[in-house]
1. Failed condition for S96, given (1) surrounded by 10 or more Cβ atoms within 10 Å (Cβ to Cβ); (2) not in a helix (DSSP H, G or I), with all others met?
2. Restrict the check to region 31-49 and report whether at least one residue is assigned to a strand (DSSP E or B) and within 26 Å of D4 (Cβ to Cβ).
3. Are any residues in region 49-70 under 19 Å from A14 (Cα atoms) and exposed (fewer than 14 other Cβ atoms within 10 Å of the Cβ), and if so, which ones?
4. Picking from E64, E27, which residue would you name as being at pLDDT below 95 and under 25 Å from D81 (Cβ atoms)?
5. Name the residue that is surrounded by the most Cβ atoms within 10 Å (Cβ to Cβ), counting only residues in region 100-117 that are at pLDDT below 85 and assigned to a helix (DSSP H, G or I).
6. A40 versus (1) surrounded by 14 or more Cβ atoms within 10 Å (Cβ to Cβ); (2) more than 15 Å from K55 (Cα to Cα); (3) not hydroxyl-bearing (S, T, Y): which is the lone unmet condition?
7. Take region 1-30 and flag every residue that is in a loop (DSSP other than H, G, I, E, B), hydrophobic (A, V, I, L, M, F, W, C) and in contact with a helix residue (DSSP H, G or I) (Cβ under 9 Å, 6 or more places away or on another chain).
Amino acid sequence: MNIDPLSRVFSALADPTRRQILERLAEGETSAGDLAKPFAMSAPAISRHLKILEKAGLIERKVEAQWRRCSLNPEGLKRADGWVSQYRNFWEERFSALDDYLKEIQEKRSNPDDKRNAED
C-alpha cells in the first residue's frame, strides 16, 4: 500500500509515545538507548516507533560505530504545518467575520434609538 507523505506524518503523530520521542529530540540529538529510557517498553518496541518516525520524515537516524543517533528532521513537521496553516487561515478569517457580525448586532441592540432617529 502506498501512503502519501502527509498521511505518514499524521499517522506517526497520532501516537503519544512518538510525540514524546519528538519532544525529547527537540532538545537535541540523542541515542536510541537514551530515548528509550523513560518508556516502559522493550527496545524493539522503541525501534519500531523510531522506524515509523523515520519513514514519516520526522526524524533522521545515523549509525556511528555501535551507536544509533537520532535527531529531528524539521522538513517532516513543516509538511504538516503547511497543511494545518491552510485551515488555520481559513478559520481565522471565519472567526474574524463572525466577530465583526456579532459586534454589529451588539451595537444595534445597544443603540435601538439610532435606527429610529436615522429614519426621522
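1. (2)
2. From region 31-49, those assigned to a strand (DSSP E or B) are 31; that's our starting set.
If we keep only those that are within 26 Å of D4 (Cβ to Cβ) as well, we get none.
Scanning region 31-49, I find no residue that is assigned to a strand (DSSP E or B) and within 26 Å of D4 (Cβ to Cβ), so the answer is no.
3. K51
4. On the way: E64 fails: under 25 Å from D81 (Cβ atoms).
Matching residue, one of E64, E27: E27.
5. Going residue by residue through region 100-117, those that are at pLDDT below 85 are 111-117.
With assigned to a helix (DSSP H, G or I) added as a condition, the list becomes 112-117.
Working: P112: 8, D113: 7, D114: 11, K115: 9, R116: 9, N117: 8.
Among those that are at pLDDT below 85 and assigned to a helix (DSSP H, G or I), it is D114.
6. (1)
7. Residues of region 1-30 that are in a loop (DSSP other than H, G, I, E, B), as a first pass: 1-4, 14-15, 26-29.
Checking which are hydrophobic (A, V, I, L, M, F, W, C) leaves us with 1, 3, 14, 26.
Selection gives I3 alone.
The values are calculated or read from the model by the stated rules, or taken from the named source; none is laboratory data. Note that this is a predicted model, so its numbers are computed, not measured. Positions of Cβ are backbone-derived with ideal geometry, glycine not excepted, and every protein chain shown enters the neighbour counts.
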